[in-house]
1. Closer than 17 Å to Val99 by Cβ, among the polar types (S, T, N, Q) and more than 14 Å from the chain's Cα centre (by Cα): is that true of Ser64 in this structure?
2. Among the candidates Asn61, Asn24, Asn102, Asn53, which residue alone is modelled with pLDDT of 95 or more and either of a type in the set (D, E, K, R) or farther than 19 Å from Arg138 by Cα (or both)?
3. Residues in region 28-45: is at least one touching a Ser or Thr at 6+ places or on another chain (Cβ under 7 Å) and crowded, with 20+ Cβ neighbours inside 10 Å?
4. Return the residues of region 18-27 that are surrounded by fewer than 16 Cβ atoms within 10 Å (Cβ to Cβ) and either in contact (Cβ under 8 Å) with a residue 60 or more places away in the chain or in contact with a Phe, Trp or Tyr (Cβ under 6 Å, 6 or more places away or on another chain) (or both); say none if nothing qualifies.
5. Could we say that Pro59 is out of contact with any helix residue (DSSP H, G or I) (no Cβ under 8 Å at 6 or more places or on another chain), of a type outside the set (S, T, N, Q) and under 30 Å from Lys119 (Cβ atoms) here?
6. Being loosely packed, with under 10 Cβ neighbours inside 10 Å, assigned to a loop (DSSP other than H, G, I, E, B) and not small (Gly, Ala, Ser) is the filter here, so list the residues in region 123-139 that pass it.
7. Restricting attention to region 46-61, report how many residues are surrounded by fewer than 17 Cβ atoms within 10 Å (Cβ to Cβ), outside any loop (DSSP other than H, G, I, E, B) and either of a type outside the set (A, V, I, L, M, F, W, C) or more than 14 Å from the chain's Cα centre (by Cα) (or both).
8. Return only the number of the condition from (1) buried (at least 16 other Cβ atoms within 10 Å of the Cβ); (2) in contact with a Leu (Cβ under 7 Å, 6 or more places away or on another chain); (3) not in a helix (DSSP H, G or I) that Ser64 does not satisfy.
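The values are calculated or read from the model by the stated rules, or taken from the named source; none is laboratory data. Worth saying up front: this structure is predicted, and the values here are computed from it rather than measured. Methodologically, a virtual Cβ is constructed for each residue, glycine included, from the backbone with ideal geometry; neighbour enumeration extends over all protein chains shown.
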Amino acid sequence: MVTLSGAHTIGRSHCWAFSSRLYNFSSTSSQDPSLDPSYAALLKRQCPQGSTNPNLVIPMNPSSPGIADVAYYVDILANRGPFTSDQTLLTDAETASQVKQNARDPYLWASQFADAMIKMGQISVITGNAGEIRTNCRVVNGEGLEYLHQ
């Protein structure tokens, strides 16, 4: 999973997908304390609190947003991942070790990522009632909708 998380090296995210880390994070902290403060300030400028613009987006990898590289992992190590799932990679010793290894060895990461994508591409398509196309990839359709409206 750490290897496939590297796909966040390219792409953009809507502000609503991570704004809870910037504003009203918890009862004791308005901002997620695991975020680099300067990165959080940048995100707040790009995604102002209370904005209703659904088109506001930021690069998921601020260091090199248009290049598939290990900068994503370097950013995670510097606490500059926009998603909770990115930062969570550092909370377990094994996954944190993999993040560090990927940050240090771009050739190893590229090889592992290619292998993982090939393996994932071999997963059979689920048809009929055996599966569903999710309207939001993070939740099963009809479940967890309260999260989407926070």
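1. When the stated conditions are applied, Ser64 passes them.
2. Details: Asn61 fails: modelled with pLDDT of 95 or more; Asn24 fails: modelled with pLDDT of 95 or more; Asn53 fails: modelled with pLDDT of 95 or more.
Going through Asn61, Asn24, Asn102, Asn53 in turn, the sole match is Asn102.
3. no
4. Ser20, the sole residue that qualifies.
5. Yes, satisfied.
6. Ile123, Val125, Thr127, Ile133, Cys137 - these are the residues of region 123-139 that are loosely packed, with under 10 Cβ neighbours inside 10 Å, assigned to a loop (DSSP other than H, G, I, E, B) and not small (Gly, Ala, Ser).
7. Number of matching residues: 1.
8. Ser64 satisfies every listed condition except (2).
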